[in-house]
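A.B. asks: Let me give you the structure first, and then I'll get to my questions.
The values are calculated or read from the model by the stated rules, or taken from the named source; none is laboratory data. Remember, predicted model here, so these are calculated numbers, not experimental data. No Cβ is skipped: glycine too gets one built from the backbone with ideal geometry, and neighbour counts run over all protein chains shown. Remember, those area values only see protein heavy atoms, side chains included, never the ligands or the DNA or RNA. Shrake-Rupley method; radii C 1.70, N 1.55, O 1.52, S 1.80 Å.
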Amino acid sequence: MSKHSQQPQSIFDTTLLKGALFDSLKKLDPSTLWRNPVMFCVEIASLITLGTFVLSLSGSNKEPAWFTGTVSIWLWLTVIFSTFAEALAEGRGKARAASLRKSRTDVTAKRLETAEFGLNYTTVGASQLRKDDLILVEANDMIAGDGDVVAGAALVNESAVTGESAPVVRESGGDRSAVTGGTTVIANSIIVRITANPGETFLDRMIGLIEGAKRRKTPNEVALEVLLIALTLVFLLVCANISPLSIYSVKAAGQGTPVSLTILVALFVCLAPTTIAALLPAIGIAGMDRLFQKNVIALSGRAIEAAGDVNVLLLDKTGTITHGNREAVSFVTVGGHNERELAEAALMASVADETPEGRSVVVLAKQKYGLTREVPADAEVVEFNADTRLSGINLENNSYRKGASDSTIAFVKKMGCITIPADLAEVVDKIARGGATPLVVCRDCEILGVINLKDIVKAGIQERFLQLRSMGIRTVMITGDNPLTAAAIAAEAQVDDFLAQAKPEEKLRLIREYQDQGFMVAMTGDGTNDAPALAQADVAVAMNTGTQPAREAANIIDLDSNPTKLLDIVEVGKQILMTRGNLTTFSISNDIAKYFAIIPAALLSIYPQLGVLNVMHLASPFSAILSAVIFNAIIIPMLVPLALKGTKFRPMPAEKLLIHNLFIYGVGGIIAPFVGIKIIDMCIGMFV
Amino acid sequence: MNPLLAKMGVSGVNMEGKDVRFGLAGSSLFTVATTGTSCGAVNTMLDSLTPIGGMIPLSLILTGEVVFGGVGSGLYTMLAFAIIAVFVSGLMIGRTPEYLGKKIEVAEMWLSILVILTAGVMVLVLSGIAMITPSAVASMANPGAHGLSEVLYAMASMANNNGSAFAGLNANVNFYNLLGSLAMLLGRYVPAIAVLAMAGSLAEKKYIPPSLGTLPTDRAPFVVWLVLVIVIIGALTFFPALALGPIVEHLTMLGGN
């Protein structure tokens, strides 16, 4: 199975960079920039310094023009770096959206009046299709819109949406009836009932989301922005307060000059949390993009962040915790029969059985005793059916069967057997208690033994659950198995809890129960009967192969239809929040050094004693202020890769994680600017 | 101790305006304890403290009386700081922040910011206005850096303490009476109302049981972080003003001028 598109792109792709550069200048437009209030203030500050620069050129401002000019340039760069980071994050999404859009151009549809093959159709454009219209899609036609297959079955290439080149079967009825507009039928014909109006289809929503056009700020993002705006306001007042205080101090000390507007504005920009404010939009967009690289489409940013908060994961046993199919792992004889005899009978009962379980019996018989058989020409194959619940084969003189214990006993009794091996019940019970499925094998009226069919737990899944547990996330296994089997598998996979014999209403009840206790619940599902539970869950991941109701009830869609993805989604959700938190801490911690750079420099002419606060021994007041401004600006592009890739995620308990991040971004955020500003000051010293 | 006094041949600690029964250490403790709780009792003339000595009670007020909690307001400023600290640290561990089992969202952010910053904003705005208002400047007994400290203290105390002033500042003039009453009104009631609103908002929220993914707020790492937040947001806001007031005064004193 090969993948195309959706490959992670390098951050420093040249065409992307060029596009982002152009977009970053367009984003300077105040009518759009005001959505990021902190950077909007920085833009105003840049304008003011541009004014003081013009004034110093004309001589009405006493400050040297090289100083006001350089400050102005770096303040403008601060804004541009910020819009550039956002444009870069959006650019990556746009490139992907463009490739999706290609698959949507000018599709025509064959509209039918009734859902029957062989009738006349009218050809219409995809844009004219409305909900509940019926269309005929034949081989090599592109499906014109999202819908449900109402008649027929076809092989569909969905690579335009999923990047998966292997075609999939879509058929009416059952859980595989949903088709997506923009995908192509390869073989056979189907009739599709359209379920979305043009502009509202899955592909349209996907493009909108990836482009970031319809991105709404998440509640967490808004709350953080509140904090950033408040800090910005306070620092604005701090700077405004310096002006009258310095005017008074000049009078009182009888020397020096009040702090100039340029310096006040520079101080304001340095103190305002520009680093995080500049990177905030990019972090959210890049998070969605990272999920998309994993072939997961989140229908809202809120859903991803909710994933980061999840306390309980409901995981389907089949496909997530265990490999989908049970495998035969051993033969257990009863009634004193020999094992080879049992293996032969089991092989005969399975040789015509094309189910994965049946084939695994054939494989085991070959592995253990080197037995191989073809289906005899005169054989009468008995397929599994719901009444007898047995499968096997009838030969001329023997008939072989395998099935559940009670069914097989019923069969041999019907064949005229009176005694059942005494140890059968014990063996069957033992296997069942071990979480496996016992399949009893008989030849005619003789019960030979039991096949031990086991659910194979995926390798490495225990470690995954252990990590989740250390993050405080409970895992609950959902299965249709009986409680005995479920308990054994739950123990082997080391999940925290399980729900056996799960019915849709049971799942819904379980989710509500957890939610009432204050937990956030995530689940995956694909069937129509999962839809109510998906709608109830806080984070609902639907498989792309799932039904339309399931996909509509979900807020995240997994294009690969791999249920283990839930774990990746949780990770990305946490990463987004962590990146925001870490950069906020870094940004605020930076202020200490900036104060020590700018305050002594700004007030030195009034009180030369304040020179002792110049702990970094910066060369001159001008270079000190300039160094702080430059540091404040260049830290933004330096942190762009971090913002786009996200903080590295390590599963560990909350407190350890806090210590770890506090050390890097808190302590680091205090020290880094001292070092950085000093280095920049030394560089400036070489030129001035 | 004080190089200026040493020049005059005076040795020993600065006992000016202090209760001789308690001595320097006892008086300092008394000052810090009473100012930190805004109880209003004094045994020391704050105006006569050394510059750094005066800066300590001033800083206690400016950071929102978080050390003990003011009389009548208790630890609400500290709780608001804790909510801000929880918010950022919650993000840092990748979860929607929660404090005492309650989710911290947009409303709580607005309200805790009001609690923390109202008094500080009043001080910044009013002291700024004072320094360029001739009648306000004329009230100072000691113009210069010390006078600036006197105004800062007066504004801080009116916005968030018992409304006292260093003795050197004649606060009984129209300017201080009018702006001071504004500071008292807003500096007290805005945080009080905000904190009540926050209590209502938190009470309505569902309780989330703690898990390994929940950040414990009663252990050392969070305490360190909380102190850092208070220092950076609460104290650094006043770094420039303090630099022009007590800090420069202290440096001048050490310089022997």
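A.B. asks: Suppose the filter is of a type in the set (Phe, Trp, Tyr), closer than 20 Å to residue A:480 by Cβ and surrounded by 14 or more Cβ atoms within 10 Å (Cβ to Cβ); does residue A:384 pass it?
C.D. replies: Against the criterion (of a type in the set (Phe, Trp, Tyr), closer than 20 Å to residue A:480 by Cβ and surrounded by 14 or more Cβ atoms within 10 Å (Cβ to Cβ)), residue A:384 qualifies.
A.B. asks: Something else: How about region B:15-41: which of its residues are within 19 Å of residue B:69 (Cβ to Cβ) and open to solvent by 50 Å² or more (accessible area, probe 1.4 Å)?
C.D. replies: Selection gives B:29, B:30, B:39.
A.B. asks: Of all the residues that make up region B:190-216, how many are assigned to a helix (DSSP H, G or I) and open to solvent by less than 80 Å² (accessible area, probe 1.4 Å)?
C.D. replies: Of the residues in region B:190-216, 12 are assigned to a helix (DSSP H, G or I) and open to solvent by less than 80 Å² (accessible area, probe 1.4 Å).
A.B. asks: Consider residue B:149 carefully, then state whether it is more than 8 Å from chain A (Cβ to nearest Cβ), under 22 Å from the mean Cα position of the chain (by Cα) and either closer than 25 Å to residue B:182 by Cβ or basic (Lys, Arg) (or both).
C.D. replies: Yes, satisfied.
A.B. asks: Sticking with this structure for a sec: Going by what's in this entry, would residue B:228 be described as closer than 30 Å to residue A:649 by Cα, in contact with a Ser or Thr (Cβ under 9 Å, 6 or more places away or on another chain), within 8 Å of another protein chain (Cβ to nearest Cβ) and part of a helix (DSSP H, G or I)?
C.D. replies: Answer is yes for this residue.
A.B. asks: Run residue B:65 past the list (1) in a loop (DSSP other than H, G, I, E, B); (2) among the acidic types (Asp, Glu); (3) more than 20 Å from residue B:236 (Cα to Cα) and report the number of the one that doesn't hold.
C.D. replies: Residue B:65 satisfies all of (1) in a loop (DSSP other than H, G, I, E, B); (2) among the acidic types (Asp, Glu); (3) more than 20 Å from residue B:236 (Cα to Cα) except (3).
A.B. asks: Now for a separate question. Under 7 Å by Cβ, and 6 or more places apart or on different chains, what pairs join a residue from region A:19-40 that is part of a helix (DSSP H, G or I) with one that is open to solvent by 30 Å² or more (accessible area, probe 1.4 Å) and of a type in the set (D, E, K, R)?
C.D. replies: Listed by first residue and then by second, the contacts come to A:33/A:27.
A.B. asks: Give just the number: which of (1) open to solvent by 10 Å² or more (accessible area, probe 1.4 Å); (2) small (Gly, Ala, Ser); (3) in a helix (DSSP H, G or I) does residue A:597 not satisfy?
C.D. replies: (1)
A.B. asks: Taking region A:568-591 as the search range and keeping residues that are at the interface with chain B (Cβ under 7 Å from one of its Cβ atoms) and not polar (S, T, N, Q), which one is nearest to the chain's Cα centre (by Cα)?
C.D. replies: Checking each candidate, the answer is A:574.
A.B. asks: Being under 40 Å from the mean Cα position of the chain (by Cα) and more than 9 Å from every other protein chain (Cβ to nearest Cβ) is the filter here, so list the residues in region A:592-604 that pass it.
C.D. replies: A:593, A:594 - these are the residues of region A:592-604 that are under 40 Å from the mean Cα position of the chain (by Cα) and more than 9 Å from every other protein chain (Cβ to nearest Cβ).
A.B. asks: Let me ask something additional. Let me spell it out: the conditions are (1) more than 24 Å from the chain's Cα centre (by Cα); (2) of a type in the set (A, V, I, L, M, F, W, C); (3) not in a helix (DSSP H, G or I), and residue A:250 meets all of them except one. Which number is the exception?
C.D. replies: (3)
A.B. asks: What's the total number of residues in region B:168-189 that are assigned to a helix (DSSP H, G or I) and surrounded by 14 or more Cβ atoms within 10 Å (Cβ to Cβ)?
C.D. replies: Counting residues in region B:168-189 that are assigned to a helix (DSSP H, G or I) and surrounded by 14 or more Cβ atoms within 10 Å (Cβ to Cβ) gives 10.
A.B. asks: Could you tell me which residue of region A:445-461 is nearest to the chain's Cα centre (by Cα), considering only residues that are at pLDDT below 85 and not basic (Lys, Arg)?
C.D. replies: A:461
A.B. asks: Inspect all residues belonging to region A:427-442 and state whether any of them is farther than 19 Å from residue A:360 by Cα, open to solvent by less than 30 Å² (accessible area, probe 1.4 Å) and at pLDDT below 85.
C.D. replies: no
A.B. asks: Still on this structure, I have one more. Against the definition (open to solvent by 30 Å² or more (accessible area, probe 1.4 Å), within 14 Å of chain B (Cβ to nearest Cβ), in contact with a Pro (Cβ under 7 Å, 6 or more places away or on another chain) and closer than 23 Å to residue A:471 by Cα), how does residue A:659 come out, yes or no?
C.D. replies: yes
A.B. asks: Moving on. Determine which single condition residue A:285 fails, assuming it passes every other condition in (1) over 22 Å from residue A:518 (Cα atoms); (2) within 11 Å of the chain's Cα centre (by Cα); (3) assigned to a helix (DSSP H, G or I).
C.D. replies: Residue A:285 satisfies all of (1) over 22 Å from residue A:518 (Cα atoms); (2) within 11 Å of the chain's Cα centre (by Cα); (3) assigned to a helix (DSSP H, G or I) except (2).
A.B. asks: Is there any pair linking a residue in region A:417-429 that is farther than 12 Å from residue A:405 by Cβ to one that is crowded, with 18+ Cβ neighbours inside 10 Å and not aromatic (Phe, Trp, Tyr), with Cβ under 8 Å and at least six apart or on different chains, and which?
C.D. replies: That search, which allows pairs on different chains as well, returns A:417/A:447; A:423/A:334.
A.B. asks: Now for a different question. If only one of B:130, B:165, B:136 is away from chain A (no Cβ under 11 Å) and either assigned to a helix (DSSP H, G or I) or closer than 22 Å to residue B:71 by Cβ (or both), which one is it?
C.D. replies: None of the other options fit; the residue is B:165.
A.B. asks: Please count how many residues of region A:383-420 are farther than 18 Å from residue A:355 by Cβ and either in contact with a His (Cβ under 8 Å, 6 or more places away or on another chain) or among the small types (Gly, Ala, Ser) (or both).
C.D. replies: Residues flagged as farther than 18 Å from residue A:355 by Cβ and either in contact with a His (Cβ under 8 Å, 6 or more places away or on another chain) or among the small types (Gly, Ala, Ser) (or both) within region A:383-420 amount to 4.
A.B. asks: Could you please let me know if residue A:238 is farther than 30 Å from residue A:62 by Cα and at the interface with chain B (Cβ under 10 Å from one of its Cβ atoms)?
C.D. replies: no
A.B. asks: Something else: Looking at B:124, B:114, can you tell me which residue is within 23 Å of residue B:241 (Cα to Cα), open to solvent by 40 Å² or more (accessible area, probe 1.4 Å) and within 14 Å of another protein chain (Cβ to nearest Cβ)?
C.D. replies: Going through B:124, B:114 in turn, the sole match is B:114.
A.B. asks: Right, here's the next one. Would you be able to say whether some residue in region A:491-502 is open to solvent by less than 10 Å² (accessible area, probe 1.4 Å) and in a helix (DSSP H, G or I)?
C.D. replies: Yes - at least one qualifying residue is present in region A:491-502.
A.B. asks: Hey, can you tell me all the residues within region B:44-70 that are open to solvent by 30 Å² or more (accessible area, probe 1.4 Å) and in contact with a His (Cβ under 6 Å, 6 or more places away or on another chain)?
C.D. replies: B:52, the sole residue that qualifies.
A.B. asks: To continue, here is another question. Quick check on my filter: what residues within region B:192-216 are touching a residue at least 12 places away in the same chain (Cβ under 8 Å) and more than 14 Å from every other protein chain (Cβ to nearest Cβ)?
C.D. replies: Result: B:192, B:195, B:197.
A.B. asks: Considering A:411, A:465, which residue is hydrophobic (A, V, I, L, M, F, W, C) and within 14 Å of chain B (Cβ to nearest Cβ)?
C.D. replies: Unique residue meeting the criteria: A:465.
A.B. asks: Separate question: Only residues that are within 24 Å of residue A:478 (Cα to Cα) and either among the acidic types (Asp, Glu) or surrounded by fewer than 20 Cβ atoms within 10 Å (Cβ to Cβ) (or both): list them for region A:319-348, please.
C.D. replies: Correct list: A:319, A:323, A:324, A:325, A:327, A:329.
A.B. asks: I've got another one for you. Residues being facing chain A (nearest Cβ under 7 Å) and either in contact (Cβ under 8 Å) with a residue 24 or more places away in the chain or in a strand (DSSP E or B) (or both): count how many of those fall in region B:93-107.
C.D. replies: 2
A.B. asks: If you don't mind, another one. Out of region A:517-541, which residues are open to solvent by 30 Å² or more (accessible area, probe 1.4 Å) and without any contact (Cβ under 8 Å) to a residue 24 or more places away in the chain?
C.D. replies: A:517, A:535
A.B. asks: Which residues, taken from region A:671-682, are open to solvent by 40 Å² or more (accessible area, probe 1.4 Å) and hydrophobic (A, V, I, L, M, F, W, C)?
C.D. replies: Across region A:671-682, the qualifying residues are A:671, A:674, A:675, A:679, A:682.
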